[in-house]
Structure formats: structure tokens, C-alpha cells
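Below is one structure, written out as C-alpha cells; the observations come after it.
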Amino acid sequence: MEQARTALAERIAGRRAGAGDPRALVGEMRRSVLLVPSDDAGGLWSAHSGGVRWICAFTDEEALARFALQRGTSNRPLEYVALLGARIVDEIVPGLGEPAGLAVDIATEDGSMFFPPVTGIVPDAAALDAEVEGAGRGR
């Protein structure tokens, strides 16, 4: 039996279908508890693409299991932490020291969403499009 989608997964589906308010989607991401797998070094699993480090998070254990299956690691336990989306984008992303964003449900066909390092998603000091006092554009 298929598990009911989380509120964030529902909002992502709506945006991908061309409906819904992007600000409401960001708000839902910030309020949601996301599952972030640990990498081999015990840090948060992330990937680099397009000059951005993407922290990979999942809306539920089913979405995390799809990720493990695609990575070929479904035969062993996948360690993860549960974090509020707000904590990821407000605290963890700025502390990485490089352009970073949040990638949600990357193993869910037609259900993933990327939250890039821009104003309105991450703090201005970590946003690539923000005017940072005394530093010009971005970082």
C-alpha cells in the first residue's frame, strides 16, 4: 500500500504541475522535518552540481528508500538525521563556506525539488543573488 504524501511532497507536486505559490512551497519546506542521509564520513550527504553543493534530503522514509535503492545501498542500513528544513537552510547551508542549496526527494521521479542558494530561501549572507554589505554581489 502506498504511503500518504507529506504536506511538502504535496506542495512539490503542485508546483511541478504549475500550480501553487512558490512562497508557500518554501514555507512548507522550512516547517517540514526532512530526512538527511549520512555520508561515509558521518556528515550530511551532498552532491556538487553547477557550482553548488546540494544537501540531499527526503520527505519520508519511502523517498529515502528509493534513494538507497538507486545508490545501490539498499542492502545495508542507511544512517540519517531528521532536521527541520529551516535548520538546514538557515544554519547548515551558510556554515558550509561555499554556495549550497537543498535538494529534496532527488530519487522520486517527477517529485524532486531544488531550493537554490538565493534570497528568500537561504540567509542573505549565503545567497548568491544578494547584495552583501561591503562585498558586492554574492559571496
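The values are calculated or read from the model by the stated rules, or taken from the named source; none is laboratory data. Quick caveat: nothing in here was measured; it's all calculated off a predicted structure. Here the Cβ is made from the backbone with ideal geometry for all residues, glycine too, and neighbour counts use every protein chain on show.
Here are the numbers:
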item: Complete set of residues in the range 77-95 that are closer than 12 Å to residue 121 by Cβ and hydrophobic (A, V, I, L, M, F, W, C); result: 86, 88, 89, 93
item: Filter result for residue 106 (out of contact with any Pro (no Cβ under 8 Å at 6 or more places or on another chain), of a type in the set (A, V, I, L, M), assigned to a loop (DSSP other than H, G, I, E, B) and modelled with pLDDT of 95 or more); result: yes
item: Single residue of the range 24-44 satisfying the filter (at pLDDT 95 or above and out of contact with any helix residue (DSSP H, G or I) (no Cβ under 6 Å at 6 or more places or on another chain)) that is surrounded by the most Cβ atoms within 10 Å (Cβ to Cβ); result: 36
item: Some residue of the range 51-62 being part of a strand (DSSP E or B), touching a Lys or Arg at 6+ places or on another chain (Cβ under 8 Å), of a type in the set (S, T, N, Q) and modelled with pLDDT of 95 or more; result: no
item: Filter pass, residue 110 being crowded, with 17+ Cβ neighbours inside 10 Å, of a type in the set (Asp, Glu) and closer than 17 Å to residue 56 by Cα; result: no
item: Residue 57 surrounded by 18 or more Cβ atoms within 10 Å (Cβ to Cβ), within 17 Å of residue 116 (Cβ to Cβ), of a type in the set (Gly, Ala, Ser) and in contact with a helix residue (DSSP H, G or I) (Cβ under 8 Å, 6 or more places away or on another chain); result: yes
item: Residue that is within 19 Å of residue 128 (Cα to Cα) and among the aliphatic types (A, V, I, L, M), where the choices are 12, 55, 106; result: 55
item: Test: residue 92 is assigned to a helix (DSSP H, G or I), touching a strand residue (DSSP E or B) at 6+ places or on another chain (Cβ under 6 Å) and surrounded by 15 or more Cβ atoms within 10 Å (Cβ to Cβ); result: no
item: Residue among 59, 108 that alone is under 19 Å from residue 31 (Cβ atoms), in contact (Cβ under 8 Å) with a residue 12 or more places away in the chain and polar (S, T, N, Q); result: 59
item: Residue in the range 66-85 that is within 12 Å of the chain's Cα centre (by Cα) and crowded, with 22+ Cβ neighbours inside 10 Å present; result: yes
